[in-house]
Amino acid sequence: MSENIIIGRNPVLEAIKNGRPIDKLFVKSGPYDGSLKKVIGEAKKSKILIAEAAGQKLDQMADGGNHQGVVAVAAMYDYTTPERIME
């Protein structure tokens, strides 16, 4: 599994809350339960692109790990602004 793939509800939620740049969030198609709703809510607040995916795709992305219906693709690079560079 690639180091930019984050699997599981709590790890994904913590990555979002800590400001880790996330390119895209994949969630299992279907009804969302408690903690998955929270992950999706935080992703929306952070303006992260969210896509539904079949369980098989998530299984493949997680390379057999327990994804709990959610996989985040973190940015490979931490992008910055010209202002931050000038600091």
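How large, in percent, is the carbon and sulfur part of the accessible surface of region 1-44 at a probe radius of 1.4 Å?
Here it works out to 48 percent.
For region 1-79, the solvent-accessible area with a 1.4 angstrom probe is 61 square angstrom per residue. Taking a straight line from the alpha carbon of Lys38, these lysines sit under 18 Å away, with near neighbours fewer than eight places off in the same chain left out: Lys17, Lys24, Lys28, Lys47. Taking the longest Cα principal axis of the chain as reference, the axis of helix 34-45 is set at about 30 degrees.
Other residues with beta-carbon under 15 Å from the beta-carbon of Lys45 carry, at +1 per Lys or Arg and -1 per Asp or Glu, a net charge of +4. Using R0 = 30 Å, the C-beta based FRET efficiency linking Asn18 and Gln56 works out to 0.50. Ignoring solvent entirely, what values of log10 I(q)/I(0) come out of the Debye formula for the chain at 0.14, 0.16, 0.18, 0.19 Å⁻¹ when each Cα is a single scatterer? Taken in order of the listed q values, log10 I(q)/I(0) reads -0.46, -0.58, -0.71, -0.78.
The values are calculated or read from the model by the stated rules, or taken from the named source; none is laboratory data. Quick caveat: nothing in here was measured; it's all calculated off a predicted structure. A quick note on method: Cβ atoms are made from the backbone with ideal geometry, for glycine too, and the neighbour counts reach across all protein chains shown. For the accessible areas, the whole protein counts, side chains as well, though only heavy atoms, and no ligand, DNA or RNA atoms are used. Shrake-Rupley method; radii C 1.70, N 1.55, O 1.52, S 1.80 Å.
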